[in-house]
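Single-structure report; data block below.
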Amino acid sequence: MTLPLMTRRAALMAGGALFLAGSAGALTLSRQAGDRKFVLVILRGALDGLAAVAPYGDAHYRAARGKLALSPPGEAGGVLPLTEGFGLHPDLAFLYAQWTSGELAIVPACASPYRERSHFDAQDVLETGAAEVFGASDGWLGRALTALPPELKREAVAISGSLPLVLRGSASATSWAPSFAPSASEDTLSRLMDLYAGDALLGPALASAIETNAIASASGMDGMDGKGRRNGPGAYKGLAEAAARLMSAEGGPAAAVLSFDGWDTHANQGAANGQLALRLAGLDAAMRALRDGLGAHWPNTVVAVVTEFGRTVAENGTGGTDHGTGSAAFLLGGAVSGGKFGGDWPGLAPKALFEGRDLAPANDIRSVFMAVLRDHWGLDRDTLGRTVFPDGTGVRPISGLIRT
Amino acid sequence: MPRTLAASIAVNRFGLGARPDEPEAATTDPKAWLAQQLTRASSFTLPSGGLPTTRSAAEALGSYLEDLKTKTDGKAGKMSPEAQEEAILKPLKELREILIAEIEARTLHGLTTEAGFAERLVLFWSNHFTVSANKAVTIPFAGVFEREVIRAGMTGTFADLLVASTRHPGMLLYLDQAQSMGPNSKAGKRRDKGLNENLAREILELQTLGAQGGYTQADVTEFAKALTGWSLAGGRTKLLVPGADPGDFIFVDRFHEPGTRTVMEKRYSADDEGQGEAILRDLANHPSTAQRVATKLARHFISDTPPASAVEALAKSFRTSGGRLPALHETLISLDEAWNPEAQKFKSPNEFFLSALRFTGLPKIERKAITAAYGLLGQVPWQAPSPEGWPDDAASWAGPDAVIKRVEWAQGLADRLGTKVRPESLARAALGPALSAATAQSIARAESASQGLTLALMSPEFQRR
């Protein structure tokens, strides 16, 4: 089955008149990009999209998934009903509430243009936004921030020690993570800045860190302990809280990148309960924390939750799933026009599977990112298709996912 | 005797960093000092008193799993947080004690060893064959894997190292090989269990040919089938092979997929343990593997973007020596590109941490300070986030937050040492001619010895090697 989950008409309505001028300069006063927050959450290790968004009504679902299949809505451990025979994993209760209030949209079968099955190469393509491995040395979000007109806010922060590839290429991107050590002396930092005057690597890095620390300190984050440093389902929430506090601070960044590890479920993945369910619950708690922490900014926020590729439709020999292709992507936030699916659904019929084993990549993940950058930040198609996503001129943003 | 630039490069770039009490040989004949570390097994040995053997690690895992089963009784999901703490987290914490002891032992060894180049090579290869303790079942094995496989294999060939790594419980468990069964094997047909291709894929992609090395999905599946049956004794599988002790490598015939396998267009008919091993040995000696290993080694010791000439020289050494590691490592010493006066590499957190401690001449450091430092600096040993291991480029390690965390840690260390150190003379001794005038002046003008030490450790030249 191929469901055209969104009509052309809806697309026209969403992508319409406001952007006829087609350039970032056309942003009106009511849409200051600085107030339009964007959070990118990368689930590293490859999320099993069929476990998060179960097509329980697909005739092939139960047979294809075996023990990994979730029960229909209403049964013990059953999915939370979406539309058209789809259901959310029972541990995604907050996301489900967002769906019912129209603030969650799902693109069910996404992938980057990468078609092999290496995590590392796939994350490279997901983050560079290029059409192939090593196609660019910096990231699409970094380039998007640089492409924003100078009067708009274009600071971004990654909640991690180092800058993820997706943010590289922007001079105003920084990284921050909670610390449990006494902060460095201001005098020592200023002497180090002198010493780094001619150092192209250390100079900008330290300058950027000093600035972010000032924001964190003004937001009362000095006392945060180091718990957020250990990644894993228990840590997702702390990372999200940190992002929300930094972003909602006075002068806080417009964009944040979070990386949640631990999705490579090769063994004993579980279904309604188990290892993957724990991670999904952690993700759900983190998204709730983002909403709570962003508070008044939430109505102007888009959060994209994505992964490098999906996993095999069938269970492997050890109760898990192996590396696959299509997976689910989520857009949530007050600025999302949700309660619906975007893109196409390829179905689980054996013939519809990619290489006979994976959910087919019916939707290019770049079309989701482009939708956010065009409709939320007002970047034009030409900039998106050439600069932000090299070789992206043939990719069409999915319309109607963002409130305008 | 003052350090020449070559002597400074030998201890700082090839080694773990200068100590005030560095042996004289490192200064008089740096290249010979590096080369003599390569062929002696003792250079690579870690004093392992009190640390587990593979067998005792397997026993520790066995009793942990037993304990967990008794205490949770399959009801973990329904327990109160307090009961979960008692039943799940406490046993895990006890298991982690093994890892913490391993971390302490390796750190203290790194702090004082005179064979710094050998130790750096151990860290490099241990990262190439990553066994991360980010899974409960690998926690007790990560350290012993490094000691019994990596350290023990440093004077042999790459092929032997690859085979030993693949047979070790740490790797078998980390990459889900131990329970993989052929769909047409005796056990696979009877049970609803089957193939897991994780280990086969990561060997091809990360440990041998590389993602661009010319293999296909079919090669992954075929190789995974050839490896079925490779497992370890412990728990119930101990009963499958009579006489096996916990942690022993075992080949379980009833897990093995019968038949001939084809990998990289070559047929492997031996329908037993030898099938997987023959494939491993061919992969080890494949030109793509030589290229990949050479590139990684050059990237690690020379530059994030190493010159093609250096990569080619290393690849050639790998090919012509049949993957003999001492020959490969000696080639590295002989490369002009490796002696570039300009330090190109930004130190990883672990390299920064060890070199900073060595710089101060401290004889030891307490356990708590060790684990806290690794956590703060962002590189806890044996906790690499994925089978790819730790990254090896400045872009991954010199993020804004990472840099300021280094300042915080350096300042903490300097504050503890107080006025006990003379940073200017330490910097001169450690860096020799590599110490810049600007850094020397900044240290000299510091308001305290403690600030001077922080500035020395955070100076551009000390952050690089």
Stokes-Einstein, Kirkwood over Cα pairs, the range B:174-284, 10 °C, 1.306 mPa s; D in µm²/s equals 113
With the charge dipole of chain A built from beta-carbon charges (+1 for Lys and Arg, -1 for Asp and Glu) about the Cα centre, the Cα from A:Val306, A:Leu359, A:Leu206 projecting farthest to the positive end belongs to A:Leu359
Computed over the range B:41-156, the convex hull of the Cα set has an average projected area, in nm², of 8.1
Once normalised by the length of chain B, the mean sequence separation of its alpha carbon contacts under 8 Å that are 6 or more apart gives a contact order in percent of 20
Of all DSSP beta bridges having both residues in the protein assembly as shown, the percent classed as antiparallel (nearest 5) is 55
Straight-line reach check, B:Lys316, cutoff 27 Å on alpha carbons, 8 or more apart in-chain or any other chain, hits among lysines -> B:Lys31, B:Lys266, B:Lys296, B:Lys345
Classified through the alpha carbon gyration tensor (a ≥ b ≥ c as square roots of its eigenvalues; rounded if a/c is under 1.5, else prolate when a/b is larger than b/c, else oblate), the range B:348-418 comes out prolate
Filtered hits (aspartates and glutamates, Cα-Cα < 16 Å from B:Lys71, offset >= 8 within chain) -> B:Glu82, B:Glu85, B:Glu86, B:Glu94
Projected convex hull area of chain B, Cα atoms, direction-averaged, in nm², equals 23.7
Quick calc: nm separation of the 7 Å Cα→Cβ label points for B:Ala35 and B:Glu265 -> 4.0
Most exposed to least, judged by fewest other Cβ atoms within 10 Å, B:Leu280, B:Leu65 sort to B:Leu65, B:Leu280
So the pair-distance distribution of the range B:287-339, from every Cα-Cα distance in 5 Å bins, comes to percents of 4, 26, 38, 23, 8, 1
Rounded to the nearest Å, the spacing of the alpha-carbon centers of the range A:56-90 and the range A:147-200 is 44
Footprinting proxy, A:Val133, B:Val311: sorted fewest to most Cβ within 10 Å, the residues are A:Val133, B:Val311
Env charge @ B:Val163, Cβ radius under 11 Å, K,R +1 / D,E -1, value -1
Row for the range A:55-156, column shape: gyration tensor on C-alpha, a ≥ b ≥ c, rounded if a/c < 1.5 i.e. under 1.5, prolate if a/b over b/c, else oblate; value oblate
Expressed as a whole-number percentage, the relative contact order of chain A with C-alpha contacts under 8 angstrom and at least six residues apart is 30
Counting Lys and Arg as +1 and Asp and Glu as -1 over every other residue whose Cβ sits under 10 Å from the Cβ of A:Phe389, the net charge comes to +1
Computed for chain B: size of charge dipole around the Cα centre, +1 on C-beta of each Lys and Arg, -1 on C-beta of each Asp and Glu, debye to nearest 20, value 240
Sorted largest first, the C-alpha extents of the protein assembly as shown along its principal axes in whole angstrom are 81, 71, 55
When the charge dipole of the range B:174-284 is computed with +1 on Lys and Arg Cβ and -1 on Asp and Glu Cβ about the Cα centre, the Cα farthest towards its positive end, among B:Pro183, B:Ile203, B:Gly214, belongs to B:Pro183
Low-density loop trypsin sites (Lys or Arg not before Pro), the range B:165-269, at most 16 other Cβ within 10 Å, DSSP non-H/G/I/E/B, are B:Arg191
Taking Cα atoms only, helix B:308-320 is inclined relative to the longest principal axis of chain B by an angle, in degrees rounded to 10, of 50
Stokes-Einstein, Kirkwood over Cα pairs, chain A, 10 °C, 1.306 mPa s; D in µm²/s equals 74
Filtered hits (lysines, Cα-Cα < 19 Å from B:Lys69, offset >= 8 within chain) -> B:Lys78, B:Lys90, B:Lys93, B:Lys135, B:Lys238
When the charge dipole of the protein assembly as shown is computed with +1 on Lys and Arg Cβ and -1 on Asp and Glu Cβ about the Cα centre, the Cα farthest towards its positive end, among A:Val79, B:Ser436, B:Ala284, belongs to A:Val79
Here the range A:155-170 yields Karplus 3J(HN,Hα) values (6.51, -1.76, 1.60; θ = phi - 60°; whole Hz; Gly and Pro given as x) of 6, 9, 9, 9, 8, 5, x, 10, 7, x, 3, 4, 9, 5, x, 10
Longest principal axis of chain A (C-alpha) makes with the long axis of helix A:202-218 (C-alpha) an angle, in degrees to the nearest 10, of 80
Rounded to whole angstrom, the alpha-carbon centroid of the range B:400-445 lies from that of the range B:261-291 at a distance of 50
Computed for the range A:239-350: size of charge dipole around the Cα centre, +1 on C-beta of each Lys and Arg, -1 on C-beta of each Asp and Glu, debye to nearest 20, value 260
Relative contact order as a percentage, the range B:245-372, C-alpha pairs under 8 Å and 6+ apart, gives 15
Final fewest-first order of B:His128, A:His60, B:His256, B:His329 on the 10 Å Cβ neighbour count is A:His60, B:His128, B:His329, B:His256
Per the rule of 0.36 nm per residue minus the C-alpha distance, extending A:Asp292 to A:Phe120 adds in nm 58.7 nm
So the FRET efficiency between B:Arg96 and A:Thr393, C-beta based with R0 = 35 Å and rounded to 0.05, is 0.10
Computed, not fitted: 222 nm per-residue ellipticity of chain A from DSSP H runs ≥ 4 (each -39500 (n - 2.57)), nearest 500, equal to -8500 deg cm²/dmol
In debye to the nearest 20, the charge dipole size for the range B:332-465, taken about the Cα centre with +1 at each Lys and Arg Cβ and -1 at each Asp and Glu Cβ, equals 620
Counting only DSSP loop positions in the range A:158-200, the chymotrypsin sites (Phe, Trp or Tyr not before Pro) whose Cβ has at most 16 other Cβ atoms within 10 Å are A:Phe180
Cβ-Cβ cut-off under 9 Å around B:Pro385, Lys and Arg +1, Asp and Glu -1: the net charge is -1
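Each value in this text was obtained by applying a stated rule to the coordinates, not by laboratory testing. In this text the structure is predicted, and so the values were computed from the model without any measurement. When we count neighbours, we look across all protein chains shown, and the Cβ atoms used for this are built from the backbone with ideal geometry, even at glycine.
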